[in-house]
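Chemist: Handing you a structure now.
The values are calculated or read from the model by the stated rules, or taken from the named source; none is laboratory data. Keep in mind that what you see is a predicted model, and the values were worked out from it rather than measured. Because the Cβ atoms are built from the backbone with ideal geometry, glycine has one as well, and the counts that use them run over all protein chains shown. For accessibility, only protein heavy atoms count, side chains too; no ligands or nucleic acids. Shrake-Rupley method; radii C 1.70, N 1.55, O 1.52, S 1.80 Å.
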Amino acid sequence: MYNPTLRAQKKVLLCEDGSNTLFSEEFNEPYHSTKDGALHESLEKHVKPALTIHKNKCSLSILDICFGLGYNTFATIYYIKKYQLKTKIHIISPEFDEALICSLSSFDYPPEFDNIKPIIKAISEDFYYEDEQFKIEILLGDARLSVPNIKEKVDIIYQDAFSPVHNPLLWTGEFFADIAGIVKEDAILTTYSTAAAIRLGLYENGFLIFVHYGEMTRYSTIASMKMLKDLEYIDMELKKLRNPTAQSFKDEDYL
Ligand SMILES: C[S@@+](CC[C@H](N)C(=O)[O-])C[C@H]1O[C@@H](n2cnc3c(N)ncnc32)[C@H](O)[C@@H]1O
């Protein structure tokens, strides 16, 4: 399934929002949509909707799948600092590409991340950062092994793995069941994927499905353990009736 011999082969790509991302030879895919832009996509599809939905909480636990270049984690810190929010943030993020994390202190991030450079450096050296507001933990290794062992219940999941076609084991019903096992009762999951099979896998594991329209970006999915007001709800029972052959991804098809 995975090909560690190709893992180190990556090249830098410039996105349309001016931020840099990487192209992975192992997954034959960029880390972010170059059209939407790494920073823009992270803010619009993950950080803004998640922090808006949970704006009344004073502390948030976030599962960031997977760390990669860390845009979702760093954009969360950037957003909290920019708006001077007092929310305490604990981010837990699996990642099996240890060499990538070690290289992040020299990655050319956008200027928005300039004042969090010490945090980026700490993570690239220690896989960990903590101050009075932020605690960031990288779980080195396979997310399929680390996620079921997370003890803390999370409020937010950023599901930002490579695409279901290229990284199916991070999109199966079984993986979503593991995620559902570590969520709070009002948890939400943000993802760029709008595929029926992915929404079905989330729905089968207790999530309700909604459409999210970010600014100047393609629409995306928000899945929630509770009904959300003000978001476009997708009736998955109706979807199943209209498309009775639709199926979620199953581990057995990819192991
Ligand atoms: C699309 S990138 C994540 C982008 C990231 N959210 C960001 O903002 O930069 C996917 C990441 O998942 C990692 N990955 C893929 N399969 C994994 C697995 N089974 N366990 C842990 N990490 C995995 C890859 O090494 C890659 O860094």
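Chemist: Leu85 versus Cys58, label points 7 Å from Cα toward the beta carbon: distance in nm?
Modeler: Simple spin-label model gives 1.6 nm for this pair.
Chemist: All other residues with a Cβ under 13 Å from the Cβ of Ala195 taken together, and with Lys, Arg as +1 and Asp, Glu as -1, what is their net charge?
Modeler: Result for the local shell: +3.
Chemist: Using the Cα centre of the chain as origin and beta-carbon charges of +1 (Lys, Arg) and -1 (Asp, Glu), tell me which of Thr172, Tyr2, Ala195 is placed farthest towards the positive end of the dipole.
Modeler: Ala195
Chemist: Would you mind getting the accessible area per residue of the chain, heavy atoms of the protein chains only, 1.4 Å probe, in Å²?
Modeler: Working: 12020 Å² over 255 residues.
With the other protein chains kept in place, the chain gives 47 Å² per residue.
Chemist: Another question, then. Quick one: if the Förster radius is 30 Å, what FRET efficiency do Asp186 and Tyr254 give, using the C-beta to C-beta distance and rounding to 0.05?
Modeler: Details: r = 31 Å, r/R0 = 1.03.
Calculated transfer efficiency: 0.45.
Chemist: Over every pair of different alpha-carbon atoms in the range 37-253, take the mean of 1/r and invert it; report that Kirkwood radius in Å.
Modeler: 17.6
Chemist: Could I have the simple spin-label model distance between Met216 and Val165, label points 7 Å from Cα toward Cβ, reported in nm to one decimal?
Modeler: My value for the distance between the label points is 2.8 nm.
Chemist: Further, regarding this structure: Which one of Val12, His46, Phe107 has its Cα pushed farthest toward the positive end of the charge dipole of the range 1-123, where Lys and Arg give +1 and Asp and Glu give -1 at the Cβ?
Modeler: Most positive-ward Cα: His46.
Chemist: Given a 1.4 Å probe and the protein chains all in place, what does the accessible area of Arg7 round to, in Å² to the nearest 10?
Modeler: Answer for Arg7: close to 40 Å² accessible.
Chemist: Share of antiparallel DSSP beta bridges in the chain, in percent to the nearest 5?
Modeler: Here the antiparallel bridges make up roughly 50 percent for the chain.
Chemist: Same structure, new question: Using a 1.4 angstrom probe with every protein chain in place, what is the largest-first accessible-area order of Lys229, Lys81, Lys239?
Modeler: Of Lys229, Lys81, Lys239, the descending order of accessible area is Lys229, Lys239, Lys81.
Chemist: Tell me, rounded to the nearest percent, the portion of alpha carbon pairs in the range 50-98 spaced more than 11 Å apart.
Modeler: Everything past 11 Å amounts to 70 percent.
Chemist: Right, here's the next one. Pick out, from Tyr71, Asn56, Ile91, the residue whose Cα sits farthest towards the positive end of the charge dipole of the range 46-91, with +1 on the Cβ of Lys and Arg and -1 on the Cβ of Asp and Glu.
Modeler: Asn56
Chemist: Among Cys58, Cys15, Cys66, what's the order by accessible area (1.4 angstrom probe), most exposed first?
Modeler: Cys58, Cys66, Cys15
Chemist: Around Glu137, what is the net charge, scoring Lys/Arg as +1 and Asp/Glu as -1 over all other residues with Cβ under 13 Å from its Cβ?
Modeler: Its environment carries a net charge of -3.
Chemist: OK, next. With only Lys, Arg, Asp and Glu charged, each at its Cβ (+1 for the first two, -1 for the last two), find how big the charge dipole of the chain is about the Cα centre; round to the nearest 20 debye.
Modeler: Once rounded to the nearest 20, the dipole reads 660 debye.
Chemist: Roughly how many percent of the accessible protein surface of the range 37-253 is carbon and sulfur, given a 1.4 Å probe and a whole-percent answer? Write down the numbers at each step before the final one.
Modeler: On the way: 5050 of 9730 Å².
After summing per-atom areas, the C and S share lands at 52 percent.
Chemist: Once the other residues with Cβ under 10 Å from the Cβ of Leu100 are scored (Lys, Arg +1; Asp, Glu -1), what is the net sum?
Modeler: -1
Chemist: From largest accessible area down, sort Glu25, Glu41; use a 1.4 Å probe on the protein chains.
Modeler: Ranking Glu25, Glu41 by accessible area, largest first, yields Glu25, Glu41.
Chemist: Residues in the range 201-234, backbone N under 16 Å from the label point at Glu16 (7 Å along the Cα-to-beta-carbon vector): list them, ranges by number please.
Modeler: Label zone hits: 214-220.
Chemist: Here is a further query. Give the percent of DSSP beta bridges with both residues in the range 1-111 that are antiparallel, rounded to the nearest 5.
Modeler: 60
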